[in-house]
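Asker: Right, I'll just put the structure down here and ask away after.
Bear in mind that the values in this text are calculations on the coordinates, not laboratory data. Predicted model only: the values in this text are computed from it and were never measured. Heads up, the Cβs are rebuilt from the backbone with ideal geometry, glycines too, and the neighbour counts pull from every protein chain shown.
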Amino acid sequence: MKKVKKLKALTPDQNLTALAKCWANESGKKGVIGHHRRKCAKNGFSAECCSYLDGVDAMEHVLNLLIDENISDFGHRRIMLSPYVKLGVGFAAHKKYGNCLVMDFN
């Protein structure tokens, strides 16, 4: 991570936020994890990061994804340090894992 070039700040995007909120709510109510949306739109974003943790705030979710501990390919870190320009965030209670954070990028 020390070798990553400086990135521009992400711009909040209403459409991406709606997509992220939809999936955070749907996955939370159903108690599922991953990226397999059922009722929420499956397109409209280029990349997505989802985190499921109990008893933490959004910043801890972001750090968890950035560190990507016990994830073999560091996919979340790669996405978060890519030159995307827009971001939408959803945060909701999760039936099995306490709460979830969804970040959709373009």
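Asker: Roughly what angle does helix 58-67 make with the longest principal axis of the chain, taking Cα atoms, 0 to 90 degrees, to the nearest 10?
Answerer: Relative to the chain, helix 58-67 is tipped by roughly 50 degrees.
Asker: Please identify the cysteines of the chain that lack any partner cysteine with a Cβ under 4.7 Å from their own Cβ.
Answerer: CYS49, CYS50, CYS100
Asker: Calculate the FRET efficiency for LYS30 and ILE67 from the Cβ-Cβ distance with a Förster distance of 30 Å, rounded to the nearest 0.05. Please report the intermediate quantities before stating the final value.
Answerer: Values: r = 27 Å, r/R0 = 0.89.
Efficiency for this residue pair is about 0.65.
Asker: What do you get for GluC sites (Glu not before Pro) in the range 30-94 restricted to DSSP loop and a cutoff of at most 12 other Cβ within 10 Å of the site's Cβ?
Answerer: For GluC sites (Glu not before Pro) across the range 30-94 that sit outside H, G, I, E and B with at most 12 neighbouring Cβ atoms in 10 Å, the list reads GLU69.
Asker: Going by the alpha-carbon gyration tensor, a ≥ b ≥ c the square roots of its eigenvalues, is the range 1-62 rounded (a/c under 1.5) or, if a/c is not under 1.5, prolate (a/b greater than b/c) versus oblate?
Answerer: Note, shape of the range 1-62 comes out oblate.
Asker: Cut-off under 17 Å on the C-alpha distance; same-chain residues fewer than 8 positions from LYS95 excluded. Which lysines are left, in chain and number order?
Answerer: Excluding near neighbours in sequence, the set is LYS21, LYS29, LYS30.
Asker: Shifting gears a bit: Students often forget the sequence filter, so: which lysines lie under 27 Å Cα-Cα from LYS2 once same-chain residues fewer than 8 apart are removed?
Answerer: Counting by Cα, and skipping residues close in sequence, LYS2 has these lysines nearby: LYS86.
Asker: Convex hull over the alpha-carbon atoms of the chain: what's its volume per residue in Å³?
Answerer: 99 Å³
Asker: Turning to a different aspect of this structure: Mark the label point 7 Å from the Cα of ARG38 along Cα→Cβ and return the residues of the range 64-106 whose backbone N is within less than 15 Å of it.
Answerer: Residues 95-96 qualify, since their backbone N sits under 15 Å from the label point.
Asker: Quick one: which residues, 5+ away or cross-chain, put their amide H under 5 Å from the amide H of PHE45? H built at 1.01 Å from N.
Answerer: Hits under the 5 Å cutoff: none.
Asker: If each DSSP helix of 4+ residues adds -39,500 (n - 2.57) and the sum is divided by the residues in the chain, what number results at 222 nm, nearest 500 deg cm²/dmol?
Answerer: -9500 deg cm²/dmol
Asker: Go through the range 6-106 and name the trypsin sites (Lys or Arg not before Pro) that are in a DSSP coil and have 14 or fewer other Cβ atoms within 10 Å of their Cβ.
Answerer: Filter output for the range 6-106: LYS6, LYS8, ARG38, LYS39, LYS42, LYS95, LYS96.
Asker: Give the relative contact order (percent, whole number) for the chain; include only Cα pairs under 8 Å separated by 6+ residues. Walk me through the numbers on the way to the answer.
Answerer: Numbers: 193 pairs, mean separation 46.8, N = 106.
Contact order relative to length: 44 percent.
Asker: For helix 14-30, report the angle its Cα long axis makes with the longest principal axis of the Cα atoms of the chain; keep it between 0 and 90° and round to the nearest 10°.
Answerer: With rounding to tens, the tilt is 50 degrees.
Asker: Rounded, prolate or oblate: which fits the range 55-106, taking a ≥ b ≥ c as square roots of the Cα gyration tensor eigenvalues, rounded meaning a/c under 1.5, else prolate when a/b beats b/c?
Answerer: Oblate is the answer for the range 55-106, as a/c is 1.5 or above yet b/c matches or exceeds a/b.
Asker: Aspartates and glutamates within cross-link reach of LYS42: Cα-Cα under 12 Å, excluding same-chain residues under 8 positions apart?
Answerer: Straight-line reach from LYS42, under 12 Å: ASP104.
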